[in-house]
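Enquirer: Below is the structure I would like to discuss, written out as structure tokens.
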């Protein structure tokens, strides 16, 4: 498996990967693939954090981290993480997360938030966001809104997350 930055030629294949990955998910909005299309056009898009996983010249997974605000600070949100159904539970999602975190650290980000499975994301270092005083801008069980601290900082980063307008929150 190879992980690399997404490029324009990947867009349609990534769209299909996201759509197929979320078809059977119980945690979906039915628009994850369209959200990515809109996020790519926004100022919150970070091309270095739009990554694909490739096996045998085919894109089998995708991850995107976009800019958010927590109080006065610019940080990241992980959304979406998508792996084709036939490739799930093989470590591809975890590899995408780890590579995304590595790049995010290098870019100087301190935190990444995620809305997702309380059984999946903690294995990659995510904890309840309330641990840091970070809150979602909507009602959600606290165990499903998580954060990871990527880089050391003395700044007190806390407050309600403000997502990119493309999230329609």
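Enquirer: Could you check how many percent of all C-alpha pairs in the chain are farther apart than 22 Å?
Expert: Tail fraction, whole percent: 39.
Enquirer: Using only alpha-carbon positions, what ratio does the radius of gyration of the range 107-169 give when scaled by 2.2 N^0.38 Å?
Expert: On the way: Rg = 11.7 Å, N = 63, 2.2 N^0.38 = 10.6 Å.
Its radius of gyration relative to the 2.2 N^0.38 Å reference: 1.10.
Where a number appears in this text, it was derived from the coordinates with a stated rule and is not lab data. Keep in mind that this is a model prediction, so the values were computed, not measured.
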